[in-house]
Amino acid sequence: MPKIKLLFIALLFLSNTIYMSGQNLFLTCLGASEDETEAINTIGYKNSFNNYISLEKEVSSLEEKLIKNGYLEIKRLSLNKQNDSSYVANFSIKNKYESISINHNNLVSLSILKLTGFLDKSNNLVVPIETIESTLEFINTQIANQGDPFSSLILTDIEKIDSKNLKGSLSVSKLKDRTVDKLVLKGYEKFPKSFIKRYLKIKNGQIFNLNKIKEKTRSLNDLVFANQIREPEVLFSQDSTILYMYIEKARSNTFDGFLGFGTNESTNRIEFDGYLDLRLTNNLNYGESLKLLYKSDENDQQTFDLRLNAPYIFNTPVGVDLNLNIFKRDSSFVTVTQAAKLNYQINNKHIISAGLSTVQSTDLLDLPSTLITDYNSNQFFINYTFTNRQNFNLLFPINFMFDVSTGFGNRSYEDIDENQSNFYLNTFKIFNLNDKNSIYGRVSSNYLVSNTYLENELPRFGGINSIRGFEENSLIANLYAVLNTEYRYKLNNTIYVHSVIDAAYFENQIANQKEKLFGFGFGFGLLTKAGLFRFNYTSGKTENQKFKLSDSKIHLSLTTTF
């Protein structure tokens, strides 16, 4: 008989549930007073349902909302059925708490707590009740980023201060700090290890911080010989943290050359000039670079320049730069410059250097002269270089470059010794107006300070890499400054056209000469499979000279990457 009675009750309950699920049910939530009911209605809740189960879930959800909004002493008194389709939930929500003052016990650094925006002048953490959950989650994320991804925060010892405010203590459930235990390279396994430690500043044993690691590895794209394929990933095990980096080796060797020709005013014949510039980068997988330049121009001048750069010698933060330069002007003189400097790379954009240069110049004519004669000089110099790349732009990969040097030393010829100083500046910037339009500006300057000057020691300028419209290295001065400007318009990602507006000022104390120069013209660049082909048509003039088409220069160059 009891079994039959239980079965009857179950069937009755089931039929009642089925009946209720087939009609709309309505919910009304009431507080213990009119004010409490108004507060419940302000938070809001759903009042129409298809079945009893969803109605009951809404009552529980409303209870959670009230707790998050500060009604921490809430109690659900009852959930009663009024008729076949109506239910009433009764609550006692009592007092609403507005904030909680948290004693952080110095378990979390103030730098993290300041990021929440709730740290007062006395370094107390006072958090609105509505945001307590999101604030604790934020703090926990920051702790994880600093090497403890498995920590958790707990509020303990919660007490009343008054009817509106609470206080509590912060407790951190903290495991052992995570450190980078192993680094695995994928794609380019022979990537220079010294660059990981010195350039990226990532090494085994350092505190694991995934956000900082991702920020560091993005600077891989500033290297000419490597790119990041995708963001790093991490594998956690019980007792180790393994970091995976995805890198590919990029083509970074370049071969550059140009051919220039113009009409000689004296002979009315076309004369040619040009140069070859070979740069080999990271062929030995050490991040090293070798530059070889040979230049010959229409003034019977020849330049040979060899430069070797070896970064992070013996895995130290210091690199070495060696340079040999030989300049010969017809049968007048030959000058040999040797320089060595130590480089310290602060980060991927900033490099500071210091070194020594020696110059030996020989008079080939061996005639009595006070303008060209044998001399020797020695200088100590310091250098600073800033480079900001934009590798997404294949035509113009460098957006801003600033290179400044200064040197101090002495020069001796015959029985005369003189102190000298030298100042050098080379900087350019691309102002991107939009995707197609940009303005390029460059300033280059050299200033040799001395009591007397020799012709074979003066800096030379002019040509495609200086003021355009003039012959290569045809101008000599103890002081010069050149401004190059271009308005560039990209027809597409591989072709651009540009204007040429150059200006220069120079002083030559030997010839008692001070003059202004101007160069005007146009050009275009074309990115082909063979490399970047550039064409420039320019005409130069002095301040008091008229333009002559016969003085115009055409410069062609091709830069190939392999």
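The values are calculated or read from the model by the stated rules, or taken from the named source; none is laboratory data. Please read these numbers as outputs of a predicted model, since none were measured by experiment. Note that we place each Cβ from the backbone using ideal geometry, even for glycine, and neighbour counts take in every protein chain shown. Heads up: the accessible areas ignore ligands, DNA and RNA and are worked out on the full protein's heavy atoms, side chains in. Shrake-Rupley method; radii C 1.70, N 1.55, O 1.52, S 1.80 Å.
Excluding residues on the same chain fewer than 8 positions from LYS541, give the lysines whose Cα lies under 29 Å from its Cα.
The qualifying lysines are LYS295, LYS328, LYS429, LYS490, LYS514, LYS516, LYS553.
Answer with one residue from SER289, THR42, PRO459: the one whose Cα lies farthest towards the positive end of the charge dipole of the chain, charges on Cβ with Lys, Arg +1 and Asp, Glu -1.
Of the options given, the answer is THR42.
Compute the distance in nm between two label points, each set 7 Å from the Cα along the Cα-to-Cβ direction, one at LEU364 and one at ASN451.
About 3.2 nm, to one decimal.
Do any chymotrypsin sites (Phe, Trp or Tyr not before Pro) in the range 49-147 lie in a loop, going by DSSP, with at most 10 other beta-carbon atoms within 10 Å of their beta carbon, and if so which?
Details: sites: PHE49, TYR52, TYR71, TYR87, PHE91, TYR97, PHE118, PHE138; in loops: TYR71, TYR97, PHE118.
Here no chymotrypsin sites (Phe, Trp or Tyr not before Pro) fit, given the DSSP loop and packing criteria.
Relative to the longest principal Cα axis of the chain, at what angle does helix 132-145 sit, 0 to 90 degrees, rounded to 10?
It is inclined by approximately 40 degrees.
Under 16 Å Cα to Cα from LYS160, which lysines show up? Leave out anything in the same chain fewer than 8 places away.
Cα-Cα hits under 16 Å: LYS94, LYS96.
Please work out how much length the chain gains when fully extended from TYR52 to GLU137, using 0.36 nm per residue of separation minus the C-alpha to C-alpha distance, in nm with one decimal.
27.2 nm
Would you kindly find the accessible area of ILE416, with a 1.4 Å probe and non-protein molecules such as ligands, DNA and RNA excluded, rounding to the nearest 10 Å²?
The accessible area comes out at roughly 70 Å².
Report, for the chain, the % of DSSP beta bridges that are antiparallel, rounded to 5.
Given both bridge residues lie in the chain, the antiparallel proportion sits at roughly 95 percent.
To make sure I understand the rule: partners must be lysines, Cα under 20 Å from the Cα of LYS212, and not fewer than 8 residues away in the same chain. Which ones qualify?
Within the straight-line cut-off, LYS212 pairs with LYS114, LYS176, LYS182, LYS186, LYS193, LYS197, LYS201, LYS203, LYS349.
When the accessible area of the chain is split by element with a 1.4 Å probe, what percent falls to carbon and sulfur?
Ligands and nucleic acids excluded, carbon and sulfur reach 56 percent.
Based on the alpha-carbon gyration tensor of the chain, what equivalent-ellipsoid semi-axes (square roots of 5 times the eigenvalues) come out, in whole Å, largest first?
Ellipsoid half-lengths, sorted descending, are 77, 28, 24 Å.
Run through the range 269-376 and list the trypsin sites (Lys or Arg not before Pro) located in a DSSP loop whose Cβ has at most 12 other Cβ atoms within 10 Å.
In loop regions of the range 269-376 (DSSP not H, G, I, E or B), the sparsely surrounded trypsin sites (Lys or Arg not before Pro) are ARG269.
In the chain, if the dipole is taken from +1 on Lys/Arg beta carbons and -1 on Asp/Glu beta carbons about the Cα centre, which of VAL482, ASN544, THR494 is farthest to the positive end?
Checking the options against the dipole of the chain, the answer is THR494.
Residues of the chain: accessible area per residue at 1.4 Å, in Å²?
Per residue, the chain has an accessible area of 55 Å².
Assign unit charges at the C-beta atoms only (+1 for Lys and Arg, -1 for Asp and Glu), then state the dipole size of the range 323-399 relative to its Cα centre in Debye, rounded to the nearest 20. Please list the in-between numbers first.
Values: 5 positive and 4 negative charges, 108 e Å.
Dipole of the range 323-399, to the nearest 20 debye: 520 debye.
Taking the range 423-529 as the region of interest, what is the percent of Cα-Cα pairs per 10 angstrom bin, listed from the shortest bin to the one with the maximum distance?
P(r) for the range 423-529, in whole percents per bin: 14, 40, 27, 14, 5, 0.
Treating the beta-carbon of each Lys and Arg as +1 and of each Asp and Glu as -1, no other charges, what is the dipole magnitude of the chain about its Cα centre, to the nearest 20 debye? Spell out each step's value before the answer.
On the way: 60 positive and 59 negative charges, 432 e Å.
Computed about the Cα centre, the dipole is about 2080 debye.
Highest first, please rank the peptides 436-447, 154-165 by the mean number of other Cβ atoms sitting within 10 Å of their residues.
Ranking the peptides 436-447, 154-165 by packing returns 436-447, 154-165.
Counting other Cβ atoms within 10 Å of each Cβ, which trypsin sites (Lys or Arg not before Pro) in the range 209-242 have at most 14 and sit in a DSSP loop? Could the numbers behind the result be given before it?
Numbers: sites: LYS212, LYS214, LYS216, ARG218, ARG230; in loops: none.
Here no loop site has a sparse enough neighbourhood.
Percent relative contact order of the chain, based on C-alpha pairs within less than 8 angstrom and at least six residues apart?
Once normalised by length, the contact order is 7 percent.
LYS529 to LYS349: FRET efficiency via 1/(1 + (r/R0)^6), r the Cβ-Cβ distance, R0 41 Å, to the nearest 0.05?
0.85
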